[in-house]
Amino acid sequence: MTNPIVKIFRSKLNTAVVLLILVLIIGVFGFKIISDFSWLDAVYMTVITVTTVGFGEVQPLDQESKLFTIILILMSVIIVGYALKIITEYIISKNDINELKQKKMQKKIDALSDHVIICGYGRNGKQAANKLATHHRDFVVIEKDEQIVQKHKDTSTLFILGNANEDEVLLRAGINRACCLISALPNDSENVFVVLSARQMNPDIRIISRASQETTYSKLKLAGANNVILPDRIGGDHMASLVVVPDLLEFVDNLSIIGNQSINIEEVAVEQLYDTSKQKTILELDLRKKTGCNVIGYKDENGNYHINPEADQKLVPGSKVIVLGRPEQIQTLNSMYNIEVS
């Protein structure tokens, strides 16, 4: 939405331009009619009169032409002066407003904690931002292309204009307070550098990086990335899977993990399900009977995943269960255990 101050200045600027054009038209027609100049001479006389450059007349002026010229000079001095004033104020105010907007945005970023930093707002970066927005997660985008930042400046997305390779830019994005960093830059070497810098500045942050070449995978892992994504490889695997097991993949694609009404899979910390001082098993928790949801996965306290865990699997503190169900069953689960939907 356009700032009201900018609207006012634009309105005044439009008025000044209209007045300038009106003076030029009056001058041309005045010299043409009063002094019987040719069109070219009338334009010439109007321009040198309005701009007050001091060149000589095309031909000596009679009394009527001199009177008209005096009036035209007075009009042009007032209108040109007004136009210059408005243009100057508009430029200064625009710079001030942009600076105020940037300070306001930086203030919002400084107030964030446990947020996500996205480096690069290309195809992958934009998709990541859209997904995080759907989950209502706070995030900051670092983008060095000023045109991209200007294009999205009126959205609710928080942008920092700068190079993610620079420590100062990462600090402005709140790297010390962030919980995760996504490096989605198109150049693999830049991603490696960002991962190295981020890991050095925040040893506990989770780092997810994009890679174009498979040879970069090990370098990014060595630099400190927790996860490395190869978009081209994933896309190729997905297309091949649609040939080999199309129905199975279509079923998986239809599973939803976002949204309040269509979610099919939920990840829940065991602390939200029961008092962990009295240890229970999956069978004793009995989520199937209470909510209709099935436990299809278990993540232990060490971060190891167990697919289709046994019923006697003990649920220890710091672990999570992954449940599958219809949207209404997931809603029942969330309502029963007061689980916030992301």
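The values are calculated or read from the model by the stated rules, or taken from the named source; none is laboratory data. What you see is a predicted model; the values in this text were computed from it and never measured. Glycine gets a Cβ as well: all are built from the backbone with ideal geometry, and neighbour counts include every protein chain shown.
A few comments on the model shown:
- For the range 317-342, filtering for residues that are among the aliphatic types (A, V, I, L, M) and exposed (fewer than 14 other Cβ atoms within 10 Å of the Cβ) leaves 1.
- If you go through the range 194-212 and pick out every residue that is over 24 Å from residue 133 (Cβ atoms) and either surrounded by fewer than 18 Cβ atoms within 10 Å (Cβ to Cβ) or outside the structural domain of residue 119 (by TED's automatic domain parsing) (or both), you end up with 6.
- Residue within the range 238-257 that is in the same structural domain as residue 145 (by TED's automatic domain parsing), surrounded by 15 or more Cβ atoms within 10 Å (Cβ to Cβ) and touching a Leu at 6+ places or on another chain (Cβ under 7 Å) present: no
- Taking each residue of the range 9-35 that is more than 25 Å from residue 90 (Cα to Cα) and looking for partners that are outside any helix (DSSP H, G or I) with beta-carbon atoms closer than 6 Å, six or more apart or interchain, yields 31/37.
- Restricting 69, 46 to those that are touching a Gly at 6+ places or on another chain (Cβ under 6 Å), surrounded by 15 or more Cβ atoms within 10 Å (Cβ to Cβ) and either more than 30 Å from residue 139 (Cβ to Cβ) or of a type in the set (A, V, I, L, M, F, W, C) (or both) reduces the list to 46.
- Residue 73 meets each of the listed conditions (1) touching a residue at least 12 places away in the same chain (Cβ under 8 Å); (2) more than 30 Å from residue 34 (Cα to Cα) apart from (2).
- The range 261-284 residues that are under 19 Å from residue 134 (Cβ atoms) and surrounded by 14 or more Cβ atoms within 10 Å (Cβ to Cβ), paired with ones that are of a type in the set (D, E, K, R) and modelled with pLDDT under 90 (beta carbon under 8 Å, 6 or more apart): 264/326
- Boolean, residue 143 is of a type outside the set (A, V, I, L, M), buried (at least 18 other Cβ atoms within 10 Å of the Cβ) and not assigned by TED's automatic domain parsing to the domain that holds residue 327: yes
- Selection from the range 290-342 of residues that are small (Gly, Ala, Ser) and assigned to a loop (DSSP other than H, G, I, E, B): 292, 303, 311, 318, 319, 325, 342
- Picking from residues in the range 206-225 that are among the polar types (S, T, N, Q) and at pLDDT below 95, the one that is nearest to residue 118 (Cα to Cα) is 212.
- Just one residue in the set 86, 78 is in contact with a Leu (Cβ under 6 Å, 6 or more places away or on another chain) and among the hydrophobic types (A, V, I, L, M, F, W, C); that residue is 86.
- When residues of the range 285-309 are limited to those that are on the phi > 0 side of the Ramachandran plot and loosely packed, with under 15 Cβ neighbours inside 10 Å, the one nearest to the chain's Cα centre (by Cα): 303
- Filtered by the rule that a residue be under 20 Å from residue 127 (Cα atoms) and hydroxyl-bearing (Ser, Thr, Tyr), the range 160-203 gives a lone residue, 183.
- Tally of residues being within 49 Å of the chain's Cα centre (by Cα) and at pLDDT 80 or above across the range 43-64: 2
- Unmet criterion (only one of (1) under 27 Å from residue 133 (Cβ atoms); (2) more than 35 Å from the chain's Cα centre (by Cα); (3) of a type in the set (A, V, I, L, M, F, W, C)) for residue 249: (2)
- Residue 217 falls short on exactly one of the conditions (1) loosely packed, with under 13 Cβ neighbours inside 10 Å; (2) assigned by TED's automatic domain parsing to the domain that holds residue 190, and that condition is (1).
- The requirement of being assigned to a strand (DSSP E or B) and among the aromatic types (Phe, Trp, Tyr) is fulfilled nowhere in the range 187-209; no residue meets it.
- Summed over the range 131-174, residues that are out of contact with any Lys or Arg (no Cβ under 8 Å at 6 or more places or on another chain) and touching a residue at least 40 places away in the same chain (Cβ under 8 Å) total 10.
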